[in-house]
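Working notes, beginning with the structure itself.
The values are calculated or read from the model by the stated rules, or taken from the named source; none is laboratory data. Please read these numbers as outputs of a predicted model, since none were measured by experiment. All Cβ positions, even for glycine, are placed from backbone atoms using ideal geometry, and neighbour counts span all protein chains on display. Surface accessibility is based on the protein's heavy atoms, side chains included, excluding ligands, DNA and RNA. Shrake-Rupley method; radii C 1.70, N 1.55, O 1.52, S 1.80 Å.
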Amino acid sequence: MCRGCVAIIAEKPRSAYKIALYLSGGKPEKISVDGIPVWRFVYGGKTYVVVPSAGHLFSISTRRRGFPVFEYMWLPRHLVEKGKGYLRKYYDVFSRILPRASMYINACDYDIEGSVIGYMIIKKWGDVARMRRMKFSALTRSDILRSFRNLAPADYDMINAGLARHELDWLWGINVSRALTQVMRSLFGELVRKALSAGRVQTPTLFEVVNSYIARESFVPRVFFGVDIYVRYGGSEYRLESVDGVFDLRDSAVRHLQSVRSDPVAVVVDYVSRHVHIDPPNPPNLSDVQHDIYRLYGVSPSHTLKILEDLYLDSLISYPRTNSQKYPPSIDYISILEAFRSAGVFSSYIDKILGKGDLRPNNGGGEDPAHPAIYPTGELPRSFRSKLHKAIYEYIVRRFISTFMDPAIVSRSVALFDVKGRRYRLSGSVVVEGSWLNVFSYYRVDERSIPVFVKGSRVPISRTGIRRVYEKPPALYNKSSLLKWMEKMNIGTESTRAEIIDILFKRKYVEGSKSIIPTRLGLLVYHVVSRRFSEISRVELTREFEYILDSIRKGLRSKDEVIRRAVDTLRSVLSRANDALETDDHGMGSSCPICGLPVADRDLGLCCCHSAAYRRVYDVFRHWERSGYSWGEYLDFLAKSRYVGRFVKDLIAAGYVK
DNA sequence: GCAAGGTC
């Protein structure tokens, strides 16, 4: 079909089309092979064929069972991974076209994964000696043309960095998972029916969940004292907010209160009212959408991604797995806005946008080398697969339109008072010009108007009071905040984070529909990994990987040497686990008398959860004592406050704290 | 069956 042609390998069908479109000057010939769209065109007298993959077509696999396992090979994914049967067609198409080609251009995304995807395909059916690389940072006409006219030689440093990423993750993940499963079976046989797992990304994430759970459930709040001040003005009463914060000691709060009551007047020291501009939202990346949809509808990040994928495949929105918060002019946002206007969607707002001199989105800081921020294509939906599809699509349309709108204008007023040497504040906000707030209606300004106070005037205090203020317990994670933590730590990628959180649920390491709580199995895995395989529990393992891969990419280290060192480290970690299995001594010691988990604090004879709670109870009492509370009053509070963690309540019930 | 990373 294409003897002697030049084969261009694309990472996915959509980019294959764009590459063919731009290189052909707008008229590539579509030749479908087995239902997979392949594109042909002539350029400078030569025939080119653009063939799409669908991500990785090969993955690492082994025939060996047990651990340690250091022998592996790359095999077609449709043969070795469940649910990947659809990749066979892509595999077959390459097998028919590539052997006849005269040259091979890897035009996958320009990153280490893209280099691996193209390289493995060319290695299988082509000739790597005739392999070239297209280096583009965006799928735009100018970038595609430039990279095509300046074809780079084979990028072996990049390829080797990518191969090393796969191999390191596989070696660590498979070996520690297998070892962990065996150790857990030997310790807690009946609890471990299915295979367990551990990995560079999932295990530090599990540890973060467990650590935050321990912090929450061993929590005891410190107590502070707030003095409430209400003023009466123009027939209404207003509660002032303390600028100087709360009192550490009850005595100081009482003294302040007494002096206020002796002369109940608040003196206005300042009054400012000004217009504040609030910028519209930026173009959203994947996690912006995931967090907002979680906040608005309680939908999990992975479910949101599935729906975005549906909308993408239905041509309603752009590629969703992106980190970019920018709309480049190349996406032709004017035509998209015009499409919505003629369909009568927010027409009057779009009229105003298009009438502006400079039409600019409020771009954010997020960058992505391969894709722009998520936008609606301008194609109009006839129907939706579900109500949620509709809601998420509408969210993207509203966000898209609003990012081109003028800032909203809010009048913000703040009155500052002096009350016996302490500062108090009263503030209000009123929307003056709604602008984008009318379109992106998911965001609201808390409106409240306050009177105008004249500087120097004395306002009568109508009511006062003293109030205990308890320190807030640390929050447990939900799927959205855990995703945020992964982003902050920079572990996982845009497309895998939500999925990896789901793996923790699938393994039954964690549970909960809103807050994520570790299960007993999750806590036991936490203990065993801390004791035996702590290397893989640290976020820093990713940092080390990044550093190593970067030095491979720069040609400073060889892939083989890196893999050899990883194997050496693993060999010693795994042999210790193996020795323990043989002697049946895992060094777990005795069990916590309260919950049965392994003892973490030998002095107290308690697990990590209950020993943390025990120490916190006595530490925090010293704080309460300074405000004159007795041990009895403190215990009373511990028993009934909902701020107090359950590990503390366990200790009271078991008589450890009395 | 175990990872993490691409994408339908």
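Quick look at the numbers
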quantity	calculated
Residue match in region A:17-33 (condition: under 37 Å from the mean Cα position of the chain (by Cα) and basic (Lys, Arg))	yes
Members of region A:86-124 that are within 15 Å of DNA strand B (Cβ to nearest atom), of a type in the set (A, V, I, L, M, F, W, C) and either assigned to a loop (DSSP other than H, G, I, E, B) or over 32 Å from the mean Cα position of the chain (by Cα) (or both)	A:93, A:94, A:107, A:108
Qualifying residue in region A:513-525 (condition: within 15 Å of DNA strand B (Cβ to nearest atom), out of contact with any Lys or Arg (no Cβ under 9 Å at 6 or more places or on another chain) and more than 15 Å from residue A:176 (Cβ to Cβ))	no
Close pairs from region A:126-144: first free of Cβ contacts under 8 Å to residues at least 12 places away in the same chain, partner open to solvent by less than 30 Å² (accessible area, probe 1.4 Å), Cβ under 7 Å, at least 6 apart	A:143/A:136
Filter pass, residue A:207 being crowded, with 19+ Cβ neighbours inside 10 Å and either closer than 30 Å to residue A:629 by Cα or modelled with pLDDT of 95 or more (or both)	yes
In region A:36-76, residue farthest from the chain's Cα centre (by Cα) [restricted to those that are open to solvent by 50 Å² or more (accessible area, probe 1.4 Å), under 30 Å from residue A:18 (Cα atoms) and away from DNA strand B (no atom under 11 Å from the Cβ)]	A:45
Residues that are open to solvent by 50 Å² or more (accessible area, probe 1.4 Å) and either of a type outside the set (A, V, I, L, M, F, W, C) or part of a loop (DSSP other than H, G, I, E, B) (or both), drawn from region A:419-446	A:420, A:421, A:423, A:425, A:433, A:438, A:443, A:444, A:446
Inter-residue pairs, beta-carbon under 6 Å, first touching a residue at least 24 places away in the same chain (Cβ under 8 Å) and in the same structural domain as residue A:105 (by TED's automatic domain parsing) and in region A:11-34, second among the basic types (Lys, Arg) and outside any helix (DSSP H, G or I), 6+ apart	A:31/A:40
Tally of residues being out of contact with any strand residue (DSSP E or B) (no Cβ under 6 Å at 6 or more places or on another chain), under 21 Å from residue A:95 (Cβ atoms), hydrophobic (A, V, I, L, M, F, W, C) and surrounded by 18 or more Cβ atoms within 10 Å (Cβ to Cβ) across region A:7-35	0
Candidate set: region A:467-506, residues that are in a loop (DSSP other than H, G, I, E, B) and away from DNA strand B (no atom under 16 Å from the Cβ); chosen: the one nearest to residue A:296 (Cα to Cα)	A:478
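To keep it simple, each residue is scored yes or no on (1) at pLDDT 95 or above; (2) surrounded by fewer than 19 Cβ atoms within 10 Å (Cβ to Cβ); (3) within 30 Å of residue A:616 (Cβ to Cβ); (4) near DNA strand B (Cβ under 9 Å from one of its atoms).
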| position | (1), (2), (3), (4) |
| --- | --- |
| A:177 | yes, no, no, yes |
| A:192 | no, no, no, no |
| A:200 | yes, no, no, yes |
| A:219 | yes, no, yes, no |
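Listed here are the residues, each with its yes/no results for (1) open to solvent by 20 Å² or more (accessible area, probe 1.4 Å); (2) out of contact with any Pro (no Cβ under 6 Å at 6 or more places or on another chain).
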{"residue": "A:257", "(1), (2)": "no, yes"}
{"residue": "A:273", "(1), (2)": "yes, yes"}
{"residue": "A:280", "(1), (2)": "no, yes"}
{"residue": "A:328", "(1), (2)": "yes, no"}
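Let's see how each residue does on (1) within 16 Å of DNA strand B (Cβ to nearest atom); (2) over 25 Å from residue A:495 (Cα atoms); (3) part of a loop (DSSP other than H, G, I, E, B):
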{"site": "A:325", "(1), (2), (3)": "no, no, yes"}
{"site": "A:351", "(1), (2), (3)": "no, yes, no"}
{"site": "A:364", "(1), (2), (3)": "no, no, yes"}
{"site": "A:367", "(1), (2), (3)": "yes, no, yes"}
{"site": "A:374", "(1), (2), (3)": "yes, no, yes"}
{"site": "A:382", "(1), (2), (3)": "no, yes, yes"}
